[in-house]
Amino acid sequence: MRILIAEHEAALGLFVARSLEKDDHTVTLASDGSAAATAIASADYDLFLLDLDLPGDVGMRVLEIARQLGNGMRVLVLSAQVSELETRVTCLEAGADDCLLKPFAMRELKARCRALVRRQDGVAVLRCGDLELNRLQQSLECGREPVALSRREFGLLEYLMLNRGRCVSRATLLERVWSSSDAGNTNVVDVYINYLRRKLGSNGSLIETVRGQGYRIGGAEAGKQPQSISMLPPVVALHQAALQ
């Protein structure tokens with residue numbers, strides 16, 4: 001998963017980020033509302049952990065921005081304030097998917113994260129041909145046989161399978177899987193595609209190269225021309241003023 005954390009307590013934010021990274025998630029950490037808004041507008045995330053108590057009392061405004069620009073990502077609000085019914089109701093009505101009272105146990109936080117991702121698209125297991133990718137267990141079976149993947153390989157295959165039948169550009173894969181916007185470094189995507197194909201054996205042919213565009217898994221959608229998935233435009237300038 002790609003997770004964005006907005007947390008004003010530096011030590012807590014770093015602790016949560018490192019704990020989630022140990023579970024092979026890609027984590028971006030923001031310390032204030034402006035940085036969080038920039039991150040939301042610049043990239044897609046599966047999950048947003050939002051500290052309601054961000055400096056300047058901007059937590060609710062960041063939540064509104066997340067709903068406007070978040071492209072369907074789930075939002076988990078973290079705050080000591082959510083012990084109050086009215087605060088929880090306000091957050092949920094503003095677009096939060098769940099609330100967690102501070103202080104919290106990492107075990108519960110991780111469980112809530114997994115639950116929110118299951119609700120995100122209703123699919124915990126992705127399938128294509130003989131491939132079965134379990135997003136919760138971070139595991140892959142190919143023809144019922146387990147296949148060991150690195151974190152990057154898993155993320156790459158997961159994103160292709162989530163967009164089955166559609167062409168995904170190298171730049172988009174680089175941004176989504178490597179959290180990088182360096183378009184000049186897209187060769188790393190080709191390298192990891194080759195890694196995946198070798199590990200998948202005969203099923204490696206499921207990953208198709210679309211000349212001049214990118215990669216696709218599972219064939220083009222019936223009756224549709226191959227299409228690329230472009231990255232979100234950087235529109236954060238439209239929202240930063242509200243966070244000053």
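Every number in this text was worked out from the coordinates using simple rules, so none of it is lab data. Since we're looking at a predicted model, the values are computed, not measured. Counting neighbours? That spans all protein chains shown, and the Cβs are built from the backbone with ideal geometry, glycine included.
So the values come out like this:
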| item | result |
| --- | --- |
| Interchain or long-range residues, amide H under 5 Å from residue 74's placed H | 47, 48 |
| Under 12 Å from the Cα of residue 110 - aspartates and glutamates, other chains or at least 8 residues apart | 21, 23 |
| Contour minus Cα-Cα distance for residue 115 and residue 22 (0.36 nm per residue) | 31.6 nm |
| Peptide ranges 42-53, 165-176, 194-205 listed from the most packed, as the mean C-beta count within 10 angstrom indicates | 42-53, 165-176, 194-205 |
| Ordering of 33-40, 77-84 by packing [mean C-beta count within 10 Å, highest first] | 33-40, 77-84 |
| Efficiency of FRET between residue 127 and residue 195 - r from beta-carbon atoms, R0 30 angstrom, step 0.05 | 0.90 |
| Distance in nm between pseudo-label sites at residue 187 and residue 108 (7 Å out along the Cβ direction from Cα) | 5.0 |
| Paramagnetic reach from residue 53 (point 7 Å along Cα→Cβ, amide N under 13 Å) across region 69-95 | 78-84 |
| Under 19 Å from the residue 11 label point (7 Å along Cα→beta-carbon), backbone N, region 44-87 | 51, 53-55, 79-80 |
| Stretch gain in nm, segment residue 164-residue 83, where the contour uses 0.36 nm per residue and the Cα spacing is subtracted | 25.0 nm |
| ³J(HN,Hα), Karplus 6.51/-1.76/1.60, whole Hz, each residue of region 43-50, x for Gly, Pro | 7, 8, 10, 7, 8, 10, 9, 10 |
| Cut-off 18 Å (backbone N to label point 7 Å along Cα→Cβ of residue 94), residues of region 23-42 | 30-41 |
